[in-house]
Amino acid sequence: MGDAEVVEASLQDPERFGELFDRYYEMIFRYTVRAVGANDGPDIAAEVFTRAFRSRKSFDSGYRSAGPWLFGIAANVVADHLRRRFRGSRAFKRLSPPSYEPDAADAVADRVDAERTRPLLAAALGSLRPEELDVLLLVALGELSYGEIAAALEIPIGTVRSRLHRARQKLRNQIAPIDESTDDD
């Protein structure tokens, strides 16, 4: 049964919505953990499905997949969370990376590089407009295609491309000093 049919069936039998949860939870979970970290990611993922369940009547049954709809909700929940938590660009400086365990041989070098670049990257991310950050996070962390992002954010695909281009350009311009300073090493 397709996603549209599952959403429609869930209007009569709410337990059917669990099928969408089973299909998409892992993808949404990975995105939210990457976006906000391991501490808040699971709660954010749960909030995505709570909002989706509450708004399932508004799902456009013309879409075959509920993935873009769910990622659109996820982008909004993540953005709301980041705005509350960080209150602008200064707060990105306090952003800690998601926890992971790198290979022991590369761990030291990776941590040194990350510690050196984190403040500049945090400032660069904080300089992005919210709509640019949404697109960037959906590409980088959600691993969505341009078409999926367009559907998720309900914007034209050209707008996705231009926002991503602007975001990448801003990041390149602000992070270029890192590349220039490490060339002499």
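So here's what we get for this one:
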read-out: Other-chain or far-sequence residues with amide H under 5 Å of LEU128's (modelled H); value: none
read-out: Simple label model, 7 Å out from Cα along Cβ direction - ALA176 to SER162, nm; value: 2.3
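The numbers here are math on the coordinates, done by the rules we state, and not lab data. These figures come from a predicted structure and were not determined experimentally. All Cβ positions, glycine included, derive from the backbone under ideal geometry; neighbour counts span all protein chains shown.
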